[in-house]
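One structure is given below, encoded as structure tokens.
The values are calculated or read from the model by the stated rules, or taken from the named source; none is laboratory data. Nothing here was measured: the structure is a model prediction, and the numbers come from that model. For neighbour counting, all protein chains shown are included, and Cβ atoms are generated from backbone atoms with ideal geometry for every residue, glycine included. Accessible surface is based on the protein model in full, side chains and every heavy atom, while ligands, DNA and RNA are left aside. Shrake-Rupley method; radii C 1.70, N 1.55, O 1.52, S 1.80 Å.
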Amino acid sequence: MITLDSITHTYPGENEAALRDVSLTLGDSTITALVGPNGSGKTTLMQILGGLMVPTSGSISIDGAQASADDLLTSSIIASSARDFDELYSQSLVAYARLRPTWDEQLFTHYAERFDLRVNRKYVRKLSGGQAAILSASIALASGAPLTLLDEIQAPLDVPTRYALYEEILALAGECMEGKRPQRRFLISSHMVSELEKVAEDVIVLKKSELLAHETIDDFTCRVSALTGHASDVERFLAAHPDLAVIASRELGSTREIVVDLRGSAVGDTELASHSLTSSPCSFQDAFAYLIQENDQ
């Protein structure tokens, strides 16, 4: 269990915090999605969890024990689509990774075969963005690190390769959950929100450097629903629930559809039926978009 307590970070020379008072716990969930608009603090959070950056204030603990940056560095690995290793040979990069005591050579060989990786005395800078990203991802997955951080690693990948990578992450996470491998946690950040719905168990949402939500994918999706009915029935329903947050509304002739945030609401199917309203949950991507919109209002 990894617990963040009031983590705040402000970069030198900056007035605004990149992260502000973020508290959360990475518990038993194996795969967590990290989403948010550009500049929301996702990469900063990743680097702090990876031990590459010490927060300005706040603390991190692992299984109840205070964790230093060195503790986080040795128990995690971070892979991103940034070209941080362009001046290394791909062969050298893998050689360094093999120094980890948890390295799994058989697993890396599998990834090398599936993704047609060429590990040789060729500079990483000579690889395409997609090739460099999948090399970094393969190293991270084969590392055996208890906390594996994938920061927009799939951004340069084409659709088939992205989906193949998701398959490998799910397969590896499944073996960890079944006890076939040591426990690991995977934190994946991406702007491709819709794709993460089928991969992650829970989600962390950041907005303007703050934590908006940390919950299961199912709970997050169910929090936002579209209610549809005759305009008069919708008005009657809203009058009965003045505290209900309406995120969006549109007229369809005599019919009206409203998008509502049901967090903390006792509204159920029986009551909706009594108002002649139908309910349909929003997709993960739409729920994310509506939540961001709601918090901009």
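Fully extending the segment from L52 to A289, taken as 0.36 nm per residue of separation minus the present Cα-Cα distance, adds 82.3 nm. If both residues of a DSSP beta bridge must be in the chain, then about 65% of such bridges are antiparallel.
Give me, ordered by chain and number, the residues 5 or more places off S80 or on other chains with an amide H under 5 Å from its own placed amide H. When sequence neighbours closer than 5 places are left aside, the close amide H contacts are D151.
How much net charge surrounds G27 when only other residues with a Cβ under 13 Å from its Cβ are counted (Lys, Arg +1; Asp, Glu -1)? My count for the surroundings of G27 gives -4. Free of any GluC sites (Glu not before Pro) that DSSP assigns to a loop and that have at most 13 other C-beta atoms within 10 Å, the longest stretch within the chain is 179-297. Only helical DSSP H runs with n ≥ 4 go in: add -39500 (n - 2.57) per run for the chain, normalise by residue count and round the 222 nm mean residue ellipticity to 500 deg cm²/dmol. Result for the chain: -10000 deg cm²/dmol, rounded to the nearest 500. Among (1) 21.9, 71; (2) 19.2, 56; (3) 18.3, 56, find the value of Rg and Dmax of the Cα atoms in Å that was calculated from the structure presented, and write down its label. So the calculated entry is the one marked (1). Across segment 55-169, Cα-Cα pairs more than 16 Å apart make up 61 percent of the total. Here the calculated FRET efficiency for Q106 and Y11, from their Cβ-Cβ distance with R0 = 45 Å, stands at 0.65, rounded to the nearest 0.05. Given their separation in residues at 0.36 nm each and the Cα-Cα distance between them, D158 and T278 gain 39.4 nm when the chain is fully extended. So if we plug the beta-carbon distance of R236 and T216 into 1/(1 + (r/R0)^6) with R0 = 45 Å, what FRET efficiency do we get, rounded to 0.05? It comes out at approximately 0.85.
Exposed loop sites, defined as trypsin sites (Lys or Arg not before Pro) outside DSSP H, G, I, E and B with at most 15 other Cβ atoms within 10 Å, are absent from the longest region of the chain, namely 1-82. Note that the chain presents 48 Å² accessible area per residue, ligands and nucleic acids not counted, probe 1.4 Å.
Dipole orientation for segment 68-184: of the candidates S90, Y111, S75, S90 has the Cα lying most toward the positive pole (charges on Cβ; Lys, Arg +1; Asp, Glu -1).
Heavy-atom surface analysis with a 1.4 Å probe gives segment 42-144 a carbon and sulfur content of 50 percent of its accessible area. For the peptides 58-64, 225-231, 31-37, the ranking by mean Cβ contacts within 10 Å, running from highest to lowest, is 31-37, 225-231, 58-64. Each part reduced to its alpha carbon centroid, segment 110-131 and segment 202-242 end up 43 Å apart.
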